[in-house]
Amino acid sequence: MVATAVTSAFFPVTSSPDSSDSKNKKLGSIKSKPSVSSGSLQVKANAQAPPKINGTVASTTPVEGSKNDDGASSPPPRTFINQLPDWSMLLAAITTIFLAAEKQWMMLDWKPRRPDMVIDPFGIGKIVQDGLVFSQNFSIRSYEIGADQTASIETLMNHLQETAINHCRSAGLLGEGFGATPEMCKKNLIWVVTRMQVVVDRYPTWGDVVQVDTWVSASGKNGMRRDWLVSNSETGEILTRATSVWVMMNKLTRRLSKIPEEVRGEIEPFFMNSDPVLAEDSQKLVKLDDSTAEHVCKGLTPKWSDLDVNQHVNNVKYIGWILESAPLPILESHELSAMTLEYRRECGRDSVLQSLTTVSDSNTENAVNVGEFNCQHLLRLDDGAEIVRGRTRWRPKHAKSSANMDQITAKRA
C-alpha cells in the first residue's frame, strides 16, 4: 500500500474512460478540448500544482481545465513533495536557540585557570605574579612589517604603549584620561615619558605571536619606572627589552607636578620591587647643532592623526621623525638594535620640526660590535627648542652589508 501511494504521488495513473464518465456525471462536464484526454489533463494539473511555502499553498494562475462548472478551483493533487513538513521553521528555531546559547556562553565570568592569574573576559590580556605583571599577546600583521619582512620599531613601540594602557585598565586604575587614575583625573594630571631605553635582540616576522610582559616600579620620589619584556609566545625567546621613566604633568598648565598622596595611594600597591630590565645607559646624550649634524631633515609637521587624547604628539611618532634623517645606506644594510631617548618637551599640531643625525663608529675593540654604527640624534623645533635627544645603535643585517659599510665610511670622509 505504501509503495503504491508513493508511486502514485510521482506518477499519477490516468483514469479509464468508464471511470471518467462516471465522475463527469457526478461533478459535471469538464471543459476541455476533444483532442486532450482526461489523463493528460491530470498530468498537466500535476505539473502546474501550486507550490507550498511555509505550510500554506501559494496562489497561482488557475490552470486551464482545473475549474468546474461552478467556477470553484479544484484542490491541487497530493504529491510526495508538498506533503513534507516545513523544515525551514524548525531550522530557524534551532539557529536562534544556538546563537542565544553562544551569546550567554561568551558573557560568562570565567574563573582563572591558576590562582595567581586574572583573566580578562574581553581577551585584552592577563595579570600574573600576584597581580603585579601584565601580559598580553600580539600577532604581527602584514601591515606592521617593513621592507625587511620584519616588524618595524614603531610596531614594537606601539605594542609597549598598548600594554601599558591595558595594564592600568585591567588593574582598575584607568580613569577618564589616557592612562590616568581616577585621582589623577580629578587633579588634571597625566603621565608623560621622560626617558626610554630599548634593546632589540631580534625582530619578529609576519605571523609571529609575541608576548609582552610589563610591570611598574618606583623611580625616585616623583617618578615611576615601567619595564617591558617581549618574547616569542611559542619558544619563549627574548626579543626585546625596554625600560622607561614617567613623571606627572598638569594637563592645563603643561607643567610637571609632584605625585599627590591620593595618587600615590592608588599606584603604590602595584609597584614591583625589582631592578630595571636594562642597565641604565649612563653615556651622556650630546646636543647636535648645524655644525655637528651630518644629516638634516627639515619641515616635519605633525598630522591630526599623530595626536593622542591628551592633545600632544604620541611619543612613538618622535621615533619615526628621528629616523627620517638617518642615512639611507645604514637603513638598507643595518637594523636598529638599541635606542636611548630623552624627551625634553612636547610639541603640538602646529609645530614645525627638524631632525638632525650624525654617525659615529662603534667600539671596534670588541669583536661582537664589529660593523656596527652609533648615531646621535636631535629632534628640535624651527626656533631651536629641543624636543628629543637620542642615540641609536645599528648592527649589520647580514654578511652582504660589508659593501654598504664601506659606502657609509666613504660618504662620511
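The values are calculated or read from the model by the stated rules, or taken from the named source; none is laboratory data. Being a predicted model, the structure only gives us computed values, none of them experimental. Counting neighbours? That spans all protein chains shown, and the Cβs are built from the backbone with ideal geometry, glycine included. We work out accessible area using only protein heavy atoms, side chains counted, and drop any ligands, DNA or RNA first. Shrake-Rupley method; radii C 1.70, N 1.55, O 1.52, S 1.80 Å.
Against the empirical 2.2 N^0.38 Å scaling, what ratio does the C-alpha Rg of segment 119-278 come to?
Output field value: 1.06.
I want to check the label-to-label distance for D130 and L328. Put each point 7 Å from Cα in the C-beta direction and report it in nm to one decimal.
5.5
Tell me whether segment 206-359 comes out rounded, prolate or oblate; compute the Cα gyration tensor, take square roots of the eigenvalues as a ≥ b ≥ c, and use a/c under 1.5 as the rounded threshold.
oblate
Between segment 298-342 and segment 207-222, how many Å separate their Cα centres?
21
If you look at just the Cα atoms of segment 196-240, how large are its Rg and its Dmax in Å?
Computed over the Cα atoms of segment 196-240, radius of gyration and Dmax are 13.1, 42 Å.
Just to check, using Stokes-Einstein with a Kirkwood Rh over alpha carbon pairs, what's the diffusion coefficient of segment 174-257 at 37 °C and 0.692 mPa s in µm²/s?
225
With a 1.4 Å probe and all protein chains left in place, how much of the accessible area of segment 281-401 comes from carbon and sulfur atoms, in whole percent?
46
Using the structure shown, select from K126/K221; K221/K284; K251/K317 the pairs with a Cα to Cα distance greater than 25 angstrom.
Correct reply: K126/K221.
Quote the charge dipole size of segment 119-278 about the Cα centre in Debye, to the nearest 20; the model charges only the Cβ of Lys and Arg (+1) and of Asp and Glu (-1).
For segment 119-278, the charge dipole is close to 800 debye.
Which percent of Cα pairs goes in each bin when the distances of segment 281-401 are cut into 5 angstrom slices starting at zero?
Values per bin, smallest distances first: 2, 11, 21, 22, 18, 13, 7, 4, 2, 0.
Grab the Cα-Cα distance for M272 and N137, subtract it from 0.36 nm times how many residues apart they are, and report the gain in nm with one decimal.
46.5 nm
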